[in-house]
Structure formats: C-alpha cells, structure tokens
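Visitor: Before I ask anything, here is the structure I am working with.
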Amino acid sequence: MKTFSAPCVVRSVIWPQSHSCNNLLALISRRHQSSYRRTRSRLNIKPDPSFLPSKTEPHDHIIYNPPPSPPNVYHTPTIFLPKTDKRRQLYEEAAGKNSRLAATSSTPPPELPPPVRPTYQKRYHLTQEDMEEMRRLRRKDPTEWSANKLAKKFDTSSIFVAFVTEGIAKEKREQQKQVTEIVKSRWGVKRRTAREDRALRKERWGRDA
Amino acid sequence: MKRLRLLRWSDTVLSPRTRPRTIIPPQCQCRRWESATHQPSLREAHSPKDVQGQLPDTLSEEHLLRLPSPPIQAASSSAKLAALHARLQLPSRLPLQVLARTLVDPSADPSPQFNNNPFSILGNDLLGYYTSEYIICRYPRLPLAVVFAAMYAYVGPKALAAITREWGVEAAAHPGGEVDPGYLQFRRVAPESDMGPKPSALISTTPDASSGWKRRGISSRTVYDDEFGDVQQPAKDKKASSTAIEGVTEEKASTNFVRALTGALYLHSGRAAVKSFFREHFMSRQLNIASLFNFRHPQRDLSRLCAREGFQSPVARIVSETGRKSRHPVFVIGVFSGHEKLGEGAGSSLDEARICAAVAALKGWYLYSPTELRVPSEMEEPGARKWDRMLVDPGDIVV
C-alpha cells in the first residue's frame, strides 16, 4: 500500500541565497518520509537546464553561466566609441553576423524592455506671451499660483515653470524653508537618523564603482 | 642631445672640500699611481682651491657628531645603502654616494650641495610629466578633476610614502654625521607642535575677489596650481626662517626622497633608465579609476552628453525586476539611447537603479581607452614610430 504523505515543505523547498550549513542540516534532518532512502529521493531536485548538458549539442562543450553582476564600466558601448576606433568596425561586423543568423533562424528582433516612465515627446508649444503670463500670475500671488497649478494651466511640467518663474517669489521660498525647519525640529531621533541615512545612501549612489 | 659629462658634473655638484677616491675621471686613469692627494689640473680648472684639504679616511667620532649628514666616504662602506641599490636594481652608473645624498632631507642638512633638494625638484617635474601623460593618453576623455585625483593616487605624497616603505627604506631617529647613510635622514616635527593653518579644501573655480579674478573653471588649476590641482604653497622667505630648522613629517621626507631618486637617476643614467624605473615602480601600480568618480546629477549629465554628441535622448528601461512589493526588491534598469544600451544599474528602488545606470553609462563614456597606448615622450627615443594623432575630446560635460 502506498503511503500518501504530503511533504509539502520538502517537495517545494526553496533554497535561499543565504543558506548556511546549519539550516541545510536542519531541513534534511526534519524529514517527512519514513526512511532515509525515500527522504533522499524527495530531496533530489532537478537542476536548472543551464547546468545540465545541452540536448541539442551532442559533444562536450563549455557551459558559460556567469554569476549575475553589473557590466564592466571599462567596456565602452559601441556608439560611445570614436569614429576612428577599430573596435567599432569589429562590433558592427559581429552584430551583422548575429543578425544574419537571426534572420536565417527566423526569430523576431528583440523588443526593447518597458520604460520606467512613459516616454513623451518634447513639445515647444509655449510662446513668449504664455511665459510672460506665467510670470505675471506668479508675481501677483505666489501662494495661489504655485508651480504645480501653473504647470496644469499651461500644460507643461513644474520644472519648466520653475525655470520660467525663477527669482520671482523669493519670500515664498524663505517661508517654505522656515516651515520645513519647524517640521524637522519636531522629529525624534529615529526619524532624523533614518532621514540622514537616506540622504547618505542617495549620495553614495553617485559613487558606485 | 649632447652626451652629458656626468662625471665632470658630479665633481662640481659634490662639495669641493671632499674628493671621493672612488670617482676618478677617465682622463686621470693613467695617473692612478700618483698620490691620492694630487689634484689633477682638470679639476683645478673647475673647482676653487679648497682651504682645508682632503679629510682623512677614518673620521673621528667627535667630528662625525658635528656633521649634519654622513660624510661621502661612509657611503661606500654602508651595507644598507648597497642593499638598497641592489634591491631597486638601480643601474651601476648611479653611484652609491649620490644614492646616499638622495636620502638626506633639507631639514637634516640645509646645504644644497649635500641634501636632495636639487634632485627632488627635477624628479618632481619628471614624475608629474610621465604620470600625467600616461593617465591622459590612457583615458583621453577623463574629466580634469579625476585626472588630478589619479595623479594624486599615483605620485601623491601618500603614494610616495607607501613606495618608500615598500622599498624598505627606514628612517633615522635623528639626523647626524654618525648615522648610517642607508637611512632616510630628516629632522622630525616636534611633538604637539602647531602644523600651521590647514590649506582650504575647496579651491574657488569662479572668478571672484578671493581667487584674484583670474580663475575660469577647473581648467585654471592646470595653470595656477600644482600637479594635483592643489593651491601651491608659497615659498617661505629665506630671511624669515632664521637659524631654526623646521622639522618635516616622515611623509614629506619620503616624498622628497622618491622624487630625488628619480631626478638623480635621470641625471646619472639617462632618460631610458628613468623611464623604465617609472614603468616598473609607478606605472605598474594598480588603480581602479572607476572608483574615483562622484556624480551629483548623473541623469542630467547623461542627457546633456547625448544631446551634445547627437545621440537619441536616453530612456531608462526595466531590464528585469523582482520583489516589487516586497521588503527587498531588486530592479535592474538599463539606459537606452534608441536601441543601444549605454549602461546598466541595479538597485533596491527604481530611483536608485536609474541613477546607477546613468552613472555606469557616464563612466562608460569617460573611461574610453584606445587600443594602443602611445605617449608623447616615446617620440624622444631613437627609432620611434611616426606619431599618430590621438583622441582629443571636447571636455567635461557642461550643464
């Protein structure tokens, strides 16, 4: 009679990256089968096909499976190479060969990955009169006519509004700084530390190797 | 260039009072059987008559203690010096006496005929020249600030102090005539002494009153400042510094020694020797130039770069992602100009990954290196190939 045991934990076991020897032993010793032989056969997971010999290649070959890592910055992208560099020609030849191979094997050209923010076309629809109007409104009442409100009115971005209305509402800037200072002074130790850490982390992004 | 009569030079460069018997000019080879105190006429024509006459071989202890630096005779009997000469594989044309002199700092012996100051000035220029041409020819697009940082990393004071330690040069506790010539001799700074006002970290790059209205961006540093982009320290007045000799740090003394050795090598062994010395000891040092960059607004810079070079404007695209709503997401974002990927970056937030990608793309631009490294100074060598034009890029990205 076949015993139906459902070792859900063992069958769908996930091997996390930070696996230590102790964890492994604990998992194995925590078996859900009655005999060692059955436990062992349950723990036998088929490796990823990239680790196994290829079915299409009959002879020995090298499996190239490098660990995930960022690309080397010392490798210059093709369009960044100057026109006189010989490598440009070599890369284009190699790309040409690959595209010819792709054409023969009739695979569609790879699509570009999805963008982080939806792509937009730059529009230059604002005239000088529009920009003067923007400045007039800002001068009239900076609190009511904020950058966001002006951006919505003229169908543009708040950054562009900031460029156009630069230097008009200095008092509002000072006022806003004071408000920010008051808010920051009410922060506790944890919040302040977290914010400072965040600022340091952001600064460190620009120094990535 | 006419062949330098270095042996003749060495006579005038060394003190006229002491004549090392090991250095004999070729014209006087046949006169070796004459007495050691005989002064050949060639030397007499070049050097003034000395008053004291030649010092005896073995100097007394009292006399040694009075001297600021070891006598020249001591160089030939110093094991440390000979070992250093052999360890660095210096050519035999560089005498031990000159090597001994390069180890004497001006703070130990103020006389420019016995200290390493003249050599140090020449060596500093040589090192600066060879290093800067190597960096600029290897990475033609490198921004000037990074060039300065790389110069500091290769031949800055800290690097030269590390090189001195690597060469196994030890420092004497206090300079004097009785010290073994193989030690680095310098007067140490008194403990708890005021090192003087610290030079300001930031140099103004805008033309204003503080900079004297002559600064025009970072390029001005190549004109007004030293080889590392730092403000040049004003030369101390000779009248102001009276009899009290100021001490120097070990780092400064090591820097002076390495520069002096380079200068002495150039004078005594020629250009080829100093170039191979530079290649072996300085150019061979590993430096990860990619770690010297620090960008504040990489996305803006990349956008300006693509506009300047006529590429399509950069767009950040998600190459792969995982765990978006979890506590540890990973986003891999690539910056694309049309269909070409300029750079890739990974991060735990979309912003971080985007910024890393822009940084990688900018580094990919700046760290372009030609396939063949050719430096201008190789044209000085005989049988040099015809000079091919090298890439001169428009410069840093201006926002």
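Visitor: Looking only at helices (runs of 4 or more DSSP H) that fall completely inside the range A:118-179, which ones have 3 or more residues that are more than 37 Å from the chain's Cα centre (by Cα) and farther than 30 Å from B:V335 by Cβ?
Guide: Fully inside the range A:118-179 and qualifying: A:128-140.
Visitor: Looking at B:F295, B:F311, which one is within 18 Å of A:L112 (Cα to Cα), within 8 Å of another protein chain (Cβ to nearest Cβ), within 41 Å of the chain's Cα centre (by Cα) and in a loop (DSSP other than H, G, I, E, B)?
Guide: B:F311
Visitor: Tell me, which residue of the range B:387-399 that is at the interface with chain A (Cβ under 10 Å from one of its Cβ atoms) and free of Cβ contacts under 8 Å to residues at least 60 places away in the same chain is surrounded by the most Cβ atoms within 10 Å (Cβ to Cβ)?
Guide: So, considering only residues that are at the interface with chain A (Cβ under 10 Å from one of its Cβ atoms) and free of Cβ contacts under 8 Å to residues at least 60 places away in the same chain, the one surrounded by the most Cβ atoms within 10 Å (Cβ to Cβ) is B:D388.
Visitor: Check B:S132, B:S120 and return the single one that is touching a residue at least 40 places away in the same chain (Cβ under 8 Å), buried (at least 21 other Cβ atoms within 10 Å of the Cβ) and under 19 Å from the mean Cα position of the chain (by Cα).
Guide: B:S120
Visitor: For the range B:179-206, give me each residue that is at pLDDT 80 or above and surrounded by 14 or more Cβ atoms within 10 Å (Cβ to Cβ).
Guide: Answer for the range B:179-206, where residues must be at pLDDT 80 or above and surrounded by 14 or more Cβ atoms within 10 Å (Cβ to Cβ): B:V179, B:D180, B:P181, B:G182, B:Y183, B:L184, B:Q185, B:F186, B:R187, B:R188, B:V189.
Visitor: Restricting the range B:347-367 to residues that are over 24 Å from B:A145 (Cα atoms) and of a type in the set (A, V, I, L, M), which is farthest from the other protein chains (Cβ to nearest Cβ)?
Guide: The extreme case among them is B:A353.
Yes/no matrix, rows are residues, columns are (1) more than 14 Å from A:D85 (Cβ to Cβ); (2) facing chain A (nearest Cβ under 10 Å):
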site	(1), (2)
B:G343	yes, yes
B:S369	no, yes
B:S377	yes, no
B:R385	yes, no
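Visitor: Looking only at the range B:281-292, which residues are under 17 Å from the mean Cα position of the chain (by Cα) and touching a residue at least 40 places away in the same chain (Cβ under 8 Å)?
Guide: B:H281, B:F282, B:M283, B:R285, B:L287
Visitor: Taking the options B:P20, B:P106, B:P25, B:P68, name whichever one is on the phi < 0 side of the Ramachandran plot and either modelled with pLDDT of 95 or more or crowded, with 20+ Cβ neighbours inside 10 Å (or both).
Guide: B:P106
Visitor: On the given criteria, is B:A145 farther than 18 Å from B:P370 by Cα and either at pLDDT below 95 or not assigned by TED's automatic domain parsing to the domain that holds B:E251 (or both)?
Guide: Yes.
Visitor: Here is a follow-up. Counting only residues that are over 43 Å from the mean Cα position of the chain (by Cα) and outside any strand (DSSP E or B), how many does the range B:324-349 have?
Guide: Summing the residues that are over 43 Å from the mean Cα position of the chain (by Cα) and outside any strand (DSSP E or B) in the range B:324-349 gives 8.
Visitor: Hey, another quick one. Residues that are aromatic (F, W, Y): which helices (runs of 4 or more DSSP H) entirely in the range B:82-162 hold 1 or more of them?
Guide: Ranges flagged: B:117-138, B:144-155.
Visitor: Name the single residue that is surrounded by the fewest Cβ atoms within 10 Å (Cβ to Cβ) among those in the range B:318-340 being under 22 Å from B:I397 (Cβ atoms), modelled with pLDDT of 95 or more and not polar (S, T, N, Q).
Guide: B:F336
Visitor: Residues in the range B:323-341 that are among the hydroxyl-bearing types (S, T, Y) and farther than 23 Å from A:N72 by Cβ: how many?
Guide: 1
Visitor: Suppose we keep only residues that are among the hydroxyl-bearing types (S, T, Y) and out of contact with any helix residue (DSSP H, G or I) (no Cβ under 7 Å at 6 or more places or on another chain) within the range B:254-292. Which one would you say is nearest to the other protein chains (Cβ to nearest Cβ)?
Guide: B:S291
Visitor: If you take the residues in the range A:64-103 that are farther than 19 Å from B:H339 by Cβ and hydroxyl-bearing (S, T, Y), which one is nearest to the other protein chains (Cβ to nearest Cβ)?
Guide: Step by step, filter the range A:64-103, then rank; the result is A:Y74.
Visitor: What are the pairs, 6+ residues apart or on separate chains, where a residue within the range A:171-199 that is closer than 27 Å to A:T143 by Cβ has its Cβ under 8 Å from a residue that is in a helix (DSSP H, G or I) and not acidic (D, E)?
Guide: A:K184/A:R192; A:W187/A:R195
Visitor: Scan the range B:350-387 for residues that are in a loop (DSSP other than H, G, I, E, B) and among the aliphatic types (A, V, I, L, M) and jot them down.
Guide: If the condition is that a residue be in a loop (DSSP other than H, G, I, E, B) and among the aliphatic types (A, V, I, L, M), then B:L367, B:L373, B:V375, B:A384 are the ones that fit.
Visitor: Also, quick follow-up: Would you mind telling me which numbered condition in (1) more than 23 Å from A:P118 (Cβ to Cβ); (2) within 7 Å of chain A (Cβ to nearest Cβ) B:R317 fails?
Guide: (1)
Visitor: Restricting to the range B:89-127, count the residues that are farther than 18 Å from B:L67 by Cβ and in contact with a strand residue (DSSP E or B) (Cβ under 9 Å, 6 or more places away or on another chain).
Guide: 0
The values are calculated or read from the model by the stated rules, or taken from the named source; none is laboratory data. Fair warning: this is a prediction, and the values are worked out from it, not measured in the lab. FYI the Cβ positions are ideal-geometry reconstructions off the backbone, even for glycines, and counts take in every protein chain you see.
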